[in-house]
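Take a look at the structure set out below.
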Amino acid sequence: MKSRTALAALTLSALALPLATVAPATASGGGGGGHRTSGACSQSSHWRLKAKNDSGRIEVEAEVHGVRVGQGWRWSISHNGSPSASGRATTRGPSRSFSVNRLMINLAGTDHFTLRAVRSATGEVCRGKVSL
């Protein structure tokens with residue numbers, strides 16, 4: 001009996017390991033009805049995107065974590081496929097990152113947000129999506 005239980009546990013562990021490493025981006029429900037996603041950029045940076053309800057609107061927070069301070073980036077956020085916000089930012093501080101916060105209109109149905117950030121010096125691209 002013990003050998004069957006051990007064999008079953010080993011089989012489940014072997015099946016679960018590949019599933020844990022497949023997805024480069026993760027999504028989860030955050031506190032207050034929010035959603036978060038994150039993932040790797042095309043080179044060595046990482047992105048994070050959050051959306052949550054805020055007094056009838058949607059607060060969207062985008063972060064890009066670079067590899068060093070002083071990296072210049074161009075960023076944009078689209079809402080349901082339409083450009084909503086854009087700008088330039090520079091990585092700062094001990095986190096070597098920049099973040100952007102915007103309040104968006106809460107449209108009928110599911111709202112979809114897309115972050116796109118491009119590092120000026122190298123062309124590295126960060127792209128992430130979150131829905132609420």
- Taking amide hydrogens as modeled 1.01 Å from N in the peptide plane, which residues meet the under 5 Å criterion relative to residue 41, leaving out close sequence neighbours? 46, 47
- Which ³J(HN,Hα) values in Hz, rounded to whole numbers, follow from the phi angles of segment 113-118 under the Karplus curve 6.51 cos²θ - 1.76 cosθ + 1.60, where θ = phi - 60° and Gly and Pro get x? 10, 10, 9, 9, 10, 10
- Item | Under Karplus coefficients 6.51, -1.76 and 1.60, residue-wise ³J(HN,Hα) of segment 87-101 in Hz, glycine/proline x | x, 10, 8, 10, 5, 9, x, x, 7, 6, 9, 9, 9, 10, 10
- Query: For the peptides 111-121, 88-98, 64-74, what is the packing order when you average, over each peptide's residues, the other Cβ atoms within 10 Å and list the highest mean first?
  - Reply: 111-121, 64-74, 88-98
- Calculate the radius of gyration of the Cα atoms of segment 87-132 to one decimal place, then report Dmax, the largest Cα-Cα distance, as a whole number, both in Å. 13.5, 39
- Query: If the viscosity is 0.692 mPa s and the temperature 37 °C, what Stokes-Einstein diffusion coefficient in µm²/s follows for segment 25-131 when Rh is the Kirkwood radius over Cα pairs?
  - Reply: 237
- Message: Please list, in order along segment 37-46, the HN-Hα scalar couplings obtained from phi with the Karplus expression 6.51 cos²θ - 1.76 cosθ + 1.60 (θ = phi - 60°), rounded to whole Hz, x for Gly and Pro.
- Response: 9, 7, x, 8, 8, 6, 10, 10, 8, 10
- For segment 25-131, what is the charge dipole size about the Cα centre, in debye to the nearest 20, if Lys and Arg each add +1 at the Cβ and Asp and Glu each add -1 at the Cβ? 280
- Item | Relative contact order computed over segment 25-131 (Cα-Cα under 8 Å; 6+ residues apart), in percent | 28
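Each reported figure results from applying straightforward, stated rules to the coordinates on display, with no laboratory input. Everything numeric here is computed off the predicted structure, so don't read it as measured data. Cβ atoms come from the backbone with ideal geometry, glycine included; neighbour counts cover every protein chain shown.
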